[in-house]
Amino acid sequence: MSLKKVLVTGGAGFIGSHTAVELVNAGYEPVIVDNFSNSFPFVLDNLSQIVGRSLTFYEADCNDKEAMGRIFAKEQFYGVIHFAAYKAVGESVQKPLAYYHNNVGSLVVLLELMAEHKVKHLVFSSSCTVYGEPEKLPVDENAPVQKANSPYGNTKQICEEVIQDTVASGQELKAIALRYFNPIGAHETSLIGELPIGVPNNLVPFITQTAAGIRKELTVFGDDYDTRDGSCVRDYIHVVDLAKAHVRAIAYASEQSETSLYDTFNLGTGDGSTVLELVHAFEKATGEKLNYVVGPRRSGDVEKVYADVTKSSEVLGWKTEISVEDALRDAWNWQLKVKDQVFEPTK
Ligand code: UD1
């Protein structure tokens, strides 16, 4: 019997590459499409090393309907997991149209092609950013979506609506939006991990680059929040746990008897850590001392957000298995592997 093929857009990226591995582990056939706008070709070789064979890959832009149409016609997908998107909050404020064009446009192209080629299962990368500063914590999937504070965040909200409207129109589509909290860590083999381009915006790559001596010190953005130690609270989830949820979501969608459905699930651990707790957990997990200073708040940051994972656990049948300490150790091992390389844009 031939394996079910799943299109993984952005499959050379951080979360996409880990999901490709988990798809193979679960008996699916990932087909990767990436344009290397924020990723690197060597990731594909490393992926082959992990799974023990090469994976089908196409270099294409998901906004290129003709190119994507040829891939759809050739591969006959069972489902699509759509990761390919721009994700830098600050950059999205400078270049909103690039974000709307890339993030929203590519989803529309994929949904059109899914209709044309009768592909019925979609998993979409959404974000806890849709909740803004939640009124109730932990935040569950019924919490109101709040006005986005960046074009990036707005693209995630719009994409969720585009999918909902498509499902409501009667297209035979079972779509799951996964709202990620803060993905960290790397594969235990240290063959794939996060590759921030230039100076990292996100906390954990900044921590590992500081410990590696690439950055002089970490600035903790604010210690005057109303939290245990004054620094912001987030829900940090290991990327392999996150990847497994995508595989589960494809299976979940196919198990449902409806022909059209849309649902959302939080992907987090359910526990929040402060920035300072994460710094100390990193020191404990790795034995490295971290230089840090406390600086002013970063504009746009929410004070605390962590997931209510009841629905993911009870309905999706998924929960995290890897601790934050192990995630930080994996992130550090990955940093040691890439050494002091700082990645620059390929395009
Ligand atoms: C950010 C985005 C979110 C996006 C996610 C993944 C915002 C408001 N949110 O989440 O929409 O989905 O990235 O790309 O930008 N921190 C420091 N020092 C640093 C870096 C971060 O103290 O050098 C703190 C931040 O203030 C925050 C925490 O670490 O409290 C996590 O920051 P980060 O990794 O950037 O993720 P988010 O801001 O939660």
### Message
With θ taken as phi - 60° and the coefficients 6.51, -1.76 and 1.60, list the Karplus ³J(HN,Hα) couplings across segment 189-204 in order, rounded to whole Hz; mark glycine and proline as x.
### Response
6, 6, 9, 9, x, 7, 10, x, 8, x, 7, x, 8, 8, 4, 5
### Task
Return the sequence-ordered ³J(HN,Hα) values of segment 52-67 in whole Hz as given by the Karplus equation 6.51 cos²θ - 1.76 cosθ + 1.60 applied to θ = phi - 60°, using x for Gly and Pro.
x, 6, 7, 9, 5, 9, 10, 8, 7, 9, 5, 7, 8, 5, 5, 4
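Calculated FRET efficiency, residue 340 and residue 199, Cβ-Cβ r, R0 22 Å, to nearest 0.05?
FRET efficiency, residue 340 to residue 199: 0.95.
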### Message
What does the net charge come to around residue 51 if you take all other residues with beta carbon closer than 12 Å to its beta carbon, with K and R at +1 and D and E at -1?
### Response
-2
### Query
Tell me, in nm to one decimal, what length is gained between residue 290 and residue 91 on full extension, where the rule is 0.36 nm per residue of separation less the Cα-Cα distance?
68.9 nm
### Message
Could you tell me the center-to-center distance, by alpha carbons, between segment 78-137 and segment 273-293 in angstrom?
### Response
32
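Under a point-charge model restricted to the Cβ atoms of Lys and Arg (+1) and Asp and Glu (-1), what is the dipole moment magnitude of segment 203-303 relative to its Cα centre, in debye to the nearest 20?
On the way: 10 positive and 16 negative charges, 94 e Å.
Dipole magnitude for segment 203-303 comes out near 460 debye.
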## Note on the structure
Once amide hydrogens are built 1.01 Å from N within the peptide plane, the residues lying 5 or more places from residue 31 or on another chain with amide H under 5 Å from its amide H are 6, 7, 8
### Query
Hey, got a sec? Which GluC sites (Glu not before Pro) in segment 241-286 land in a DSSP loop and have at most 10 other Cβ atoms within 10 Å?
258
### Summary
Amide H neighbours of residue 218 at under 5 Å, excluding residues fewer than 5 places away on the same chain, with H built from the backbone geometry, are 291, 292, 293
## Note on the structure
Placing +1 on each Lys and Arg Cβ and -1 on each Asp and Glu Cβ in the chain, then taking the dipole about the Cα centre, the residue among 138, 335, 62 whose Cα reaches farthest towards the positive end is 62
### Message
Just to be sure I understand: with springs between alpha-carbon atoms less than 10 Å apart, which residue in 307, 327, 98 has the highest mean-square fluctuation in the Gaussian network model of the chain?
### Response
98
### Message
From the phi angles alone, apply the Karplus equation (6.51, -1.76, 1.60; θ = phi - 60°) to segment 167-180 and give each ³J(HN,Hα) in whole Hz, x where the residue is Gly or Pro.
### Response
5, 5, 6, x, 4, 6, 8, 10, 10, 10, 9, 9, 9, 6
### Task
Averaging sequence separations of C-alpha pairs under 8 Å and six or more residues apart, then dividing by the length of the chain, give the relative contact order as a whole percent.
20
### Query
GNM, the chain, Cα, under 10 Å: largest mean-square fluctuation among 272, 132, 90?
90
### Query
How much mean residue ellipticity at 222 nm does the chain get from its helices, if each DSSP H run of length 4 or more adds -39500 (n - 2.57) and you divide by all residues, to the nearest 500 deg cm²/dmol?
-11000 deg cm²/dmol
#### Entry: Linear extension gain, residue 118 paired with residue 135, 0.36 nm per residue minus alpha-carbon span
2.1 nm
### Message
Quick query: amide H of residue 233 versus all other amide H atoms, modeled in the peptide plane; which residues come in under 5 Å with a sequence gap of 5 or more or a different chain?
### Response
304, 305
#### Entry: Under 26 Å, Cα to Cα: Lys pairs in segment 202-347, sequence gap 8 or more or different chains
19
#### Entry: Distance from segment 147-174 to segment 1-30 (C-alpha centre basis), Å
23
### Message
Can you tell me the length gained on complete extension of the stretch residue 326 to residue 255, counting 0.36 nm per residue apart and subtracting the Cα distance?
### Response
22.3 nm
### Task
Kindly rank 138-146, 118-126, 24-32 from highest to lowest mean number of other beta carbons found within 10 Å of each residue.
118-126, 24-32, 138-146
### Query
Which of 211, 189, 177 sits closest to the plus end of the dipole of segment 173-231, meaning its Cα is farthest towards the positive end, when Lys and Arg get +1 and Asp and Glu get -1 on the C-beta?
177
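Charges only on Cβ, +1 for Lys and Arg, -1 for Asp and Glu: so what's the dipole of segment 247-311 about the Cα centre, in debye to the nearest 20? Spell out each step's value before the answer.
On the way: 7 positive and 10 negative charges, 56 e Å.
The calculated dipole for segment 247-311 is roughly 260 debye.
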#### Entry: Anisotropy class of segment 83-161 from Cα gyration tensor, a/c 1.5 cut
oblate
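Each value in this text was obtained by applying a stated rule to the coordinates, not by laboratory testing. These numbers come from a predicted model, not from an experiment. Counting neighbours? That spans all protein chains shown, and the Cβs are built from the backbone with ideal geometry, glycine included.
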